[in-house]
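Worksheet: the structure to be examined is printed underneath.
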Amino acid sequence: MFLASAVPSVVAAAPFEDTMAQRTLACTACHGPQGRAAPDGYYPRLAGKPAGYLYNQLLNFREGRRHYGLMTGLIEPLSDAYLLEIAQYFSSLEVPYPAPLPSQAPAAVLRLGEQLVTQGDASRKLPACVQCHGQAMTGVAPQIPGLLGLPRDYLNAQLGAWKAGQRRAHAPDCMQDVVSRLSLEDINAVASWIAAQPLPANTHPAASLPAPAPGSSTLDCGSASLPASGMPGMAGTKAHK
């Protein structure tokens with residue numbers, strides 16, 4: 001007797017589960033399972049980032065403030081409300097971060113990077129990165145992303161894109177203002193130091209911005225308007241510089 005005669009001639013297909021995890025498989029094909037990030041260093045982590053930040057970046061790709069044809073093609077047909085739903089889904093995922101790779105940069109480069117990230121440069125009116133992205137550099141909800149856990153190549157590419165005018169945000173574009181004061185050497189130093197830092201035990205975004213440094217002024221950062229079903233507190237931010 002053939003083995004095939006012992007099983008049904010038609011095998012029932014697995015049921016389709018209409019979940020956001022299934023709908024976002026096109027995203028995780030590049031950004032890694034559950035949005036953990038791809039190993040090539042150019043597709044960043046999505047999991048756990050503030051929902052407002054992810055939503056703004058989806059709009060930026062769709063509306064031409066960021067440039068990557070594959071991303072634009074994927075999200076161009078989608079409504080604002082659905083893009084927000086995608087952002088909220090990835091923001092809710094809690095998956096571990098990989099350990100950072102040791103830096104190959106010279107000690108002097110790493111010292112410069114640490115200084116710019118943690119102290120800034122008052123002589124150039126450069127705010128410290130931690131004044132906007134949080135003292136732990138895990139971001140600030142609901143709009144400011146964390147910097148830890150991102151590869152050096154990705155950080156270099158994004159800061160370089162802002163400096164070259166290839167990446168923009170909603171006006172007022174505070175990141176463009178800050179990056180315009182950085183040299184290419186500064187950018188490499190910042191990216192090299194951040195990429196080598198370990199993750200804290202609590203990787204969640206902070207609930208509020210750090211207290212302003214003495215004598216600092218506020219830095220207005222633009223943000224997209226939310227669809228009617230959106231989240232409160234995402235109409236814009238003021239960061240300290």
Check your understanding: For residue 171, which of the numbered conditions (1) touching a helix residue (DSSP H, G or I) at 6+ places or on another chain (Cβ under 8 Å); (2) surrounded by fewer than 17 Cβ atoms within 10 Å (Cβ to Cβ) fails to hold?
Key -> (1)
Exercise for review: Identify, from the list 155, 112, 116, 209, the residue that is open to solvent by less than 20 Å² (accessible area, probe 1.4 Å) and over 14 Å from the mean Cα position of the chain (by Cα).
Suggested key: 116
Practice item. Provide a single number: the residues in region 176-206 that are more than 12 Å from residue 160 (Cβ to Cβ) and surrounded by 20 or more Cβ atoms within 10 Å (Cβ to Cβ). Key: 7
**Study point:** Residue in region 83-98 that is small (Gly, Ala, Ser), out of contact with any Ser or Thr (no Cβ under 6 Å at 6 or more places or on another chain), without any contact (Cβ under 8 Å) to a residue 40 or more places away in the chain and closer than 19 Å to residue 175 by Cβ present
**Key:** yes
Exercise for review: State whether one or more residues within region 59-68 are in contact with a His (Cβ under 7 Å, 6 or more places away or on another chain), among the small types (Gly, Ala, Ser) and at positive phi.
Suggested key: no
Review point. Only one of 140, 179, 190 is without any contact (Cβ under 8 Å) to a residue 40 or more places away in the chain, of a type in the set (A, V, I, L, M, F, W, C) and within 30 Å of residue 69 (Cα to Cα); which?
Key: 179
Study note, to complete from the structure: Every listed condition ((1) at pLDDT below 95; (2) more than 17 Å from the chain's Cα centre (by Cα)) holds for residue 183 save (1)
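Has region 80-92 got at least one residue that is surrounded by fewer than 12 Cβ atoms within 10 Å (Cβ to Cβ) and at pLDDT 95 or above?
From region 80-92, those surrounded by fewer than 12 Cβ atoms within 10 Å (Cβ to Cβ) are 92; that's our starting set.
Next, only the ones that are at pLDDT 95 or above stay: 92.
Looking for residues that are surrounded by fewer than 12 Cβ atoms within 10 Å (Cβ to Cβ) and at pLDDT 95 or above, one finds at least one in region 80-92, hence yes.
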Review point. What residue, among those in region 121-133 that are more than 21 Å from residue 205 (Cα to Cα) and open to solvent by less than 60 Å² (accessible area, probe 1.4 Å), is farthest from the chain's Cα centre (by Cα)?
Key: 121
Check your understanding: When region 77-104 is examined, which residues are found to be assigned to a loop (DSSP other than H, G, I, E, B) and either of a type in the set (Lys, Arg) or within 17 Å of the chain's Cα centre (by Cα) (or both)?
Key -> 93, 94, 95, 96, 97, 98, 100
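The values are calculated or read from the model by the stated rules, or taken from the named source; none is laboratory data. It should be emphasised that the depicted structure is a prediction, and the values quoted were computed from it without experimental measurement. Here the Cβ is made from the backbone with ideal geometry for all residues, glycine too, and neighbour counts use every protein chain on show. For accessibility, only protein heavy atoms count, side chains too; no ligands or nucleic acids. Shrake-Rupley method; radii C 1.70, N 1.55, O 1.52, S 1.80 Å.
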